[in-house]
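Remarks on the structure that follows.
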Amino acid sequence: LLGVGCSTVERLNPFGSSGPVVKPNELVTLQLTADVKSVWQASVGSAGSNSFSPAIVGESIYAGARDGSLTRFDGGRQVWRIAAGQIISGGVGSDGKLVVVGTPKGEVLAFDASNGRELWKARVSSEVLAAPAIADGLVVVRSGDARIFGFDAMDGKRRWVYQRSTPALALRTSVGVLLAGKFTLAGFPGGKLVAIANNNGAAVWEVTVALPKGSTELERVADVTSIPAVSGSTICAAAFQGRIACFESNSGNTLWSRDMSSSVGVDMDSRYVYVTDDKGAVHALDRNSGASVWKQDKLALRSVSRPVALGNLIAVADYQGYVHFLRREDGAFAARQATDGSAVRADPQLYGNGLLIQTANGSLHAIETR
């Protein structure tokens with residue numbers, strides 16, 4: 001696939017449309033130690049080959065589908081559904097006032113969150129594969145050529161654009177950005193993580209998550225293809241064919257790093273950093289040192305999602321739509337919840353006392369843990 005200014009390769013492990021080539025691990029029978037249940041589910045429309053993530057603002061959920069349909073749910077009840085009039089290519093962003101999506105043609109479409117009425121359109125330099133991020137009057141959109149655009153939430157006028165040189169070869173990914181206070185955090189091909197000032201689009205600091213290694217362009221792919229995790233003054237990020245690293249948020253100083261490849265990313269709580277590696281194993285690492293605490297490898301080659309910390313449980317989803325709950329202390333299986341049997345390509349999201357899952361076939365599942 002040719003991108004703008006660089007070649008891209010489809011994401012190598014996680015969620016290729018053809019499914020895993022090597023036979024994935026069969027699921028083992030569980031001895032349940034946690035109580036999880038499906039609270040409600042709804043249909044929003046197929047994701048096609050793309051990755052769609054819903055936006056959650058309080059009780060409201062905004063979800064999109066490839067055919068251009070956008071839907072708002074409040075507590076599982078449909079409030080409105082509209083047709084954007086064109087194909088949508090990534091997840092939904094919302095702050096409760098605006099709902100914003102992107103298209104394969106690089107258009108950015110903004111709608112009124114209360115009724116779905118179209119408010120404005122803008123344009124970026126290439127396809128939009130990631131969910132836009134919105135905060136403090138700013139809409140931040142990442143384009144497929146790894147440029148970051150800042151738009152005024154009121155009228156869609158462009159405030160700034162951030163771009164940097166990228167390697168000749170990069171993974172095609174739906175990774176977005178993370179708004180953290182006055183900064184936008186964005187990972188890039190070549191293993192860089194950058195904090196961008198929201199007021200003017202300038203880089204505040206740049207850190208190296210991983211250095212490209214190897215003699216071929218393919219071996220030297222070391223892209224940050226997942227959003228970082230932020231807790232307190234600590235930021236942790238992962239790179240494909242690279243490392244897991246944690247940094248001090250104000251200065252960008254490295255706290256620790258260790259070799260491990262992940263294209264889906266990390267989460268953390270007060271004690272541990274959790275990461276899914278590219279073989280589908282889920283790891284817990286000591287937050288202060290990066291030392292291994294436990295490893296759950298019975299989900300190998302199941303295209304396992306980014307882990308999400310939920311109190312004393314860690315949740316991951318897989319290519320058959322199963323959501324697996326692991327015990328925080330030792331990584332043992334605690335519970336499992338089926339969805340619609342199709343892949344979960346987008347990160348599971350915290351919702352109420354549990355999770356919200358959007359599947360490739362287009363169903364939303366609210367899952368509660370007790």
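The values are calculated or read from the model by the stated rules, or taken from the named source; none is laboratory data. Predicted, not measured: the structure shown is a model, and the values here were computed from it. Because the Cβ atoms are built from the backbone with ideal geometry, glycine has one as well, and the counts that use them run over all protein chains shown. The area values use the complete protein model at the heavy-atom level, side chains included, leaving out ligands, DNA and RNA. Shrake-Rupley method; radii C 1.70, N 1.55, O 1.52, S 1.80 Å.
Based on this model, can you work out whether VAL9 counts as at pLDDT below 95, assigned to a loop (DSSP other than H, G, I, E, B) and of a type outside the set (Phe, Trp, Tyr)? Step through it out loud before you land on a result.
Working: at pLDDT below 95: yes; assigned to a loop (DSSP other than H, G, I, E, B): no; of a type outside the set (Phe, Trp, Tyr): yes.
For VAL9, the condition - at pLDDT below 95, assigned to a loop (DSSP other than H, G, I, E, B) and of a type outside the set (Phe, Trp, Tyr) - is not met.
Of all the listed residues (VAL128, VAL141), the sole one being part of a strand (DSSP E or B) and out of contact with any helix residue (DSSP H, G or I) (no Cβ under 6 Å at 6 or more places or on another chain) is VAL141. The one condition from (1) crowded, with 24+ Cβ neighbours inside 10 Å; (2) touching a Phe, Trp or Tyr at 6+ places or on another chain (Cβ under 8 Å); (3) within 30 Å of SER342 (Cα to Cα) that VAL273 does not meet is (2).
Checked against (1) in contact (Cβ under 8 Å) with a residue 40 or more places away in the chain; (2) within 14 Å of the chain's Cα centre (by Cα), ALA238 passes all but condition (1). On the stretch given as segment 241-270, residues that are of a type outside the set (Ser, Thr, Tyr), buried (at least 18 other Cβ atoms within 10 Å of the Cβ) and within 21 Å of THR184 (Cβ to Cβ) total 8.
Considering the conditions (1) modelled with pLDDT of 95 or more; (2) over 24 Å from ASP112 (Cα atoms), THR166 is excluded by exactly one of them, (1).
Given the residues GLY290, GLY354, which is the only one that is farther than 25 Å from SER49 by Cβ, open to solvent by less than 40 Å² (accessible area, probe 1.4 Å) and either in contact with a Phe, Trp or Tyr (Cβ under 7 Å, 6 or more places away or on another chain) or of a type in the set (Asp, Glu) (or both)?
GLY290
Picking from residues in segment 63-102 that are within 16 Å of the chain's Cα centre (by Cα) and of a type in the set (Ser, Thr, Tyr), the one that is surrounded by the most Cβ atoms within 10 Å (Cβ to Cβ) is SER89.
Residues that are under 22 Å from the mean Cα position of the chain (by Cα), open to solvent by 10 Å² or more (accessible area, probe 1.4 Å) and not hydroxyl-bearing (Ser, Thr, Tyr) within segment 313-337 comprise LEU313, GLN320, ARG328, ARG336, GLN337, listed in sequence order.
What residue, among those in segment 26-41 that are surrounded by 14 or more Cβ atoms within 10 Å (Cβ to Cβ) and in a loop (DSSP other than H, G, I, E, B), is modelled with the lowest pLDDT? If we take residues in segment 26-41 being surrounded by 14 or more Cβ atoms within 10 Å (Cβ to Cβ) and in a loop (DSSP other than H, G, I, E, B), then LEU30 is modelled with the lowest pLDDT.
Within segment 103-116, the set of residues being within 18 Å of GLY144 (Cα to Cα), outside any strand (DSSP E or B) and open to solvent by 10 Å² or more (accessible area, probe 1.4 Å) comprises PRO104, LYS105.
In segment 42-51 there is no residue that is of a type outside the set (S, T, N, Q) and open to solvent by 60 Å² or more (accessible area, probe 1.4 Å).
So that you can scan it fast, the table gives a plain yes or no per residue for (1) in contact (Cβ under 8 Å) with a residue 24 or more places away in the chain; (2) over 30 Å from ARG370 (Cα atoms):
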| site | (1), (2) |
| --- | --- |
| LEU30 | yes, no |
| GLY85 | no, yes |
| GLY96 | yes, no |
| ALA113 | yes, yes |
| VAL124 | yes, yes |
| ALA135 | yes, yes |
